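Notes to accompany the following structure.
The values are calculated or read from the model by the stated rules, or taken from the named source; none is laboratory data. Keep in mind the model is a prediction, meaning the values are calculated, not measured. Because the Cβ atoms are built from the backbone with ideal geometry, glycine has one as well, and the counts that use them run over all protein chains shown. The accessibility values were calculated without ligands, DNA or RNA, using every heavy atom of the protein model including side chains. Shrake-Rupley method; radii C 1.70, N 1.55, O 1.52, S 1.80 Å.
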Amino acid sequence: MINALQTIQKQAAEALDSAADLRAIDDLRVRYLGKKGELTAILKQMGKLSAEERPKVGQLANEVRAAIERLIDERSAAVRAAQLEQRLIDEKLDVTLPGRAAPLGKAHPLTKVLDEVKEIFLGMGFSIAEGPEVETDYYNFEALNIPKNHPARDTQDTFYISDNVILRTQTSPVQVRTMEKQKPPIRVIAPGRVYRSDAVDATHSPLFHQVEGLVVDRGVTMADLKGTLELFVKRLYGDESVVRFRPHHFPFTEPSAELDVQCFACHGEGCRLCKGEGWIELLGCGMVHPKVLSICGIDPEEYSGFAFGMGLERIVMRRYGIDDLRLFYENDLRFLNQF
Ligand code: DAH
């Protein structure tokens, strides 16, 4: 029996030595020390021993149990340490690696300049008005004093949805919609998309953007129009900007004008940027036609107003020296990232 106990201790020690993980160690614990284990099996036979042998064998058995338990603890600790070591190697972090930067989006150049334009007019007490892009013939033309067969219709190549429903060719219909639902004083700008069936080239697109403006109140004069728009241009392009008003014709304003800004590149001398003109056309404007006021239910004897409309793309192109309109719509990041 003493031999058997010593053999068990020896075998257990050898087996534990080569146990590779905690599970294998636990299996060995069950095998040697468990209720049905080898050591227990021997202890069960103690009854057969003489009273003299029993305490000796009993003491040895206890020693063997203690020795195996110690070996198990030691081996477990060693395996755990090895596992931790391995994890530290596997999960090693290189803190010197450069971080992965999250790319940051930014505003499209059209949005950026439009935000500036809005900011300038909001600062002058204007608010923002909106209207539908799918518009009726009435609002886009008729109410703006552009009757059927009026030559102005030819210059605005209209997308027709039906005889009376179109894609708006200008933001001017928002003037009419605003005056219909709001009594003077009115001070609004209406930025938005407009559509014309133009072939795409460097300066034309079937979709582009305009910013409309409308002021109606008692005693509004051409001087208010000139003062407001000159201030706008100076805010947008700098205090040194020089503007001029040139007589023009629009059916919905009388008198009408176009506002030019002196070429920043040549200061009026004439160069490539201004195509030798010395001036660059910026927007159309005028005093709201009395007929338009009447149509919208505003008494032209009591009220007067001025209006203006500008193409956003052109303003942005001039601002950044962009020479091809198509770049705005291609979403090429190499272009967009420059702003
Ligand atoms: N709607 C005109 C266009 O698309 C621009 C315009 C001119 C708007 C004069 C106005 C204005 O409000 O008064 O060509």
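If you scan the range 218-259, which residues turn out to be under 17 Å from GLN175 (Cβ atoms), touching a helix residue (DSSP H, G or I) at 6+ places or on another chain (Cβ under 9 Å) and of a type in the set (Asp, Glu)?
GLU254, the sole residue that qualifies.
State which residue is farthest from PHE121 (Cα to Cα) when the search covers only the range 228-281 and only residues that are among the basic types (Lys, Arg) and within 35 Å of the chain's Cα centre (by Cα).
LYS234
Any residue that is at positive phi and surrounded by 13 or more Cβ atoms within 10 Å (Cβ to Cβ) - is there at least one of those in the range 108-120?
no
Given (1) farther than 23 Å from GLU135 by Cα; (2) more than 16 Å from the ligand (Cβ to nearest atom), identify the lone condition not met by MET287.
(2)
Would you kindly identify the strands (runs of 3 or more DSSP E) lying entirely within the range 115-206 that contain at least 3 residues that are within 16 Å of the ligand (Cβ to nearest atom) and closer than 17 Å to THR253 by Cα?
186-195
Given the residues VAL117, VAL134, which is the only one that is of a type outside the set (Gly, Ala, Ser) and closer than 21 Å to VAL216 by Cβ?
VAL117
Taking the options LEU259, LEU236, LEU283, LEU273, name whichever one is aliphatic (A, V, I, L, M) and open to solvent by 50 Å² or more (accessible area, probe 1.4 Å).
Of LEU259, LEU236, LEU283, LEU273, the one residue that is aliphatic (A, V, I, L, M) and open to solvent by 50 Å² or more (accessible area, probe 1.4 Å) is LEU273.
If you go through the range 277-299 one residue at a time, do you hit one that is over 28 Å from ARG218 (Cβ atoms) and touching a Ser or Thr at 6+ places or on another chain (Cβ under 8 Å)?
Checked the range 277-299: no residue is over 28 Å from ARG218 (Cβ atoms) and touching a Ser or Thr at 6+ places or on another chain (Cβ under 8 Å).
Give ARG334, ARG319, ARG314 a once-over and let me know the one that is farther than 20 Å from GLN175 by Cα and within 16 Å of the ligand (Cβ to nearest atom).
ARG314
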